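Bear in mind these aren't lab numbers, they're just calculated from the coordinates by the rules spelled out. Nothing here was measured: the structure is a model prediction, and the numbers come from that model. A quick note on method: Cβ atoms are made from the backbone with ideal geometry, for glycine too, and the neighbour counts reach across all protein chains shown.
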């Protein structure tokens, strides 16, 4: 086999491996963490200033990524870290429809617990 064919075969195999690693491993991981940090940033605001449409979209993104994109190893990692994105999505949708500040504070605390988020604001 000529060296040029061997180099082409090796580069094709490396490119295929890189694509599979990115498409099925890194991209779902990054999307989940991007959504999680977007939710954390939104929850830092006052309840009245919460962007309802963004929270609905974040809940849909969490649900979609968990059921359609997330590989098994990432689901196991979330389970080990006690993160519950589906429960957090349920609480996000409930928060969107909450009118009272006391009830919103309860939902925000539940979302933080489900996504294992820490508050940067002093209580």
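Averaging the Cα positions of each part gives two centres, and for segment 1-67 and segment 73-123 these lie 20 Å apart. Its DSSP H runs of at least 4 residues, each contributing -39,500 (n - 2.57), put the calculated 222 nm mean residue ellipticity of the chain at -22500 deg cm²/dmol, to the nearest 500. Can you give the FRET efficiency to the nearest 0.05 for residue 80 and residue 20, using r as the Cβ-Cβ distance and R₀ = 25 Å? The value I calculate is 0.55. Per-residue Cβ neighbour counts within 10 Å put 70, 1, 77 in the sequence 1, 77, 70, beginning with the fewest.
Residue exposure proxy: 106, 111, ordered by other Cβ atoms within 10 angstrom of their Cβ from fewest to most, comes out as 106, 111. Within the listed set 35, 16, 87, the residue fluctuating most in the Gaussian network model of the chain (springs between alpha-carbon atoms under 10 angstrom) is 16.
Mean sequence separation of contacting Cα pairs (under 8 Å, at least six apart), scaled by the length of segment 25-115, corresponds to a relative contact order of 32 percent.
Using a Förster distance of 30 Å, how high is the FRET efficiency between residue 105 and residue 27, based on the Cβ-Cβ distance and rounded to 0.05?
0.30
Whole-percent P(r), the chain, all Cα pairs, 10 Å bins from 0: 12, 37, 23, 12, 8, 5, 2, 0. When the chain is treated as a Gaussian network with alpha carbon springs shorter than 10 Å, the biggest mean-square fluctuation among 84, 68, 44 belongs to 68. Relative to the current alpha-carbon distance between residue 116 and residue 7, full extension at 0.36 nm per residue lengthens the span by 34.6 nm.
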